[in-house]
Amino acid sequence: MTKNFLMIKVGLILGIAGACRTDELVNLTVDDIEDVGSSLIVKIPNTKTTIPRIFVVTDVGNMLELFRKYLSLRPPHVKHKRLFLYYKAGKCSSQPVGKNTMGKIPSVVASYLKLPDVACYTGHCLRRSSATLLADAVVDITTIKRHAGWKSTTVAEGYVENSIENKTKIANQVLVGITTSAITKTVNVSESNIPSNINFENCTNVTFNLNVNK
């Protein structure tokens, strides 16, 4: 179980770090990953959009140590180069992990964390999580497109539009203006000094200076 869980951890690391599709993880080979000491350089040569990608995994939270430990468990007699292998009865197998098993990684993690609606956590969650994290970091559309390998901006824009961090930033930009003196004060009113002779129906281009602290 420990070894299986290690495989799941490495799948999560690579899947989220590189916004990988399930089949991209399945087809990943040991030759596609270069360990340069301080980081891993990962190449995804074959993608759905035919756009090769390269991403980097840095040593955050001992991620490199987990990958190296997993790689060290690889039996020497394995003839193929596929990275992800099955582990049975505490022993390494030469059989590569299939798409169905790889696609269940998010649901296995959700079940372990006792999250609701476990079945909703499909293999695409890794790619979505990566794009969402980037969008929450308020990066530009081009960066998100390049990271995930999208040709169109439509999908990338969707993540930015739905980003809670981005919506929070926009809200702060709008709401902070309410309490600053930068607002043009055409009419400055409060509950106690509203002139009785002002007919607001006939007013145009009126900007109110609101003090929300009163």
What's the number of the only condition in (1) part of a helix (DSSP H, G or I); (2) over 20 Å from the mean Cα position of the chain (by Cα); (3) surrounded by fewer than 16 Cβ atoms within 10 Å (Cβ to Cβ); (4) at pLDDT 90 or above that Thr101 fails to meet? (3)
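Of the residues Val36, Val26, which is without any contact (Cβ under 8 Å) to a residue 40 or more places away in the chain and more than 18 Å from Ile144 (Cβ to Cβ)?
Values: Val26 fails: without any contact (Cβ under 8 Å) to a residue 40 or more places away in the chain.
Sole residue among the options that is without any contact (Cβ under 8 Å) to a residue 40 or more places away in the chain and more than 18 Å from Ile144 (Cβ to Cβ): Val36.
Got a number for residues in the range 5-21 being closer than 19 Å to Cys92 by Cα, of a type outside the set (A, V, I, L, M) and in contact (Cβ under 8 Å) with a residue 12 or more places away in the chain?
Filtering the range 5-21 for residues closer than 19 Å to Cys92 by Cα gives 5-11.
Restricting the remaining residues to those that are of a type outside the set (A, V, I, L, M) gives 5, 9, 11.
With in contact (Cβ under 8 Å) with a residue 12 or more places away in the chain added as a condition, the list becomes 9, 11.
Counting residues in the range 5-21 that are closer than 19 Å to Cys92 by Cα, of a type outside the set (A, V, I, L, M) and in contact (Cβ under 8 Å) with a residue 12 or more places away in the chain gives 2.
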Subset of the range 110-130 [modelled with pLDDT of 85 or more and more than 14 Å from Leu25 (Cβ to Cβ)]: Ala110, Ser111, Tyr112, Leu113, Lys114, Leu115, Pro116, Asp117, Val118, Ala119, Cys120, Tyr121
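Evaluate the range 22-29: report whether one residue or more is modelled with pLDDT of 90 or more and farther than 24 Å from Ser93 by Cβ. Lay out the reasoning, then the answer.
First, pick out the residues of the range 22-29 that are modelled with pLDDT of 90 or more: 22-29.
Subsequent filtering for residues that are farther than 24 Å from Ser93 by Cβ retains none.
For the range 22-29, residues modelled with pLDDT of 90 or more and farther than 24 Å from Ser93 by Cβ: absent.
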Condition first: modelled with pLDDT of 90 or more, surrounded by 10 or more Cβ atoms within 10 Å (Cβ to Cβ) and either among the acidic types (Asp, Glu) or more than 28 Å from the chain's Cα centre (by Cα) (or both). Can you find one or more residues in the range 54-68 that meet it? yes
Cross-chain or 6+ apart pairs with Cβ under 8 Å, the range 100-119 first and more than 18 Å from Gly15 (Cα to Cα), then modelled with pLDDT under 90 and crowded, with 19+ Cβ neighbours inside 10 Å: Leu115/Tyr121
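The values are calculated or read from the model by the stated rules, or taken from the named source; none is laboratory data. Being a predicted model, the structure only gives us computed values, none of them experimental. Glycine also receives a Cβ, built like all others from the backbone with ideal geometry; neighbour counts cover every protein chain displayed.
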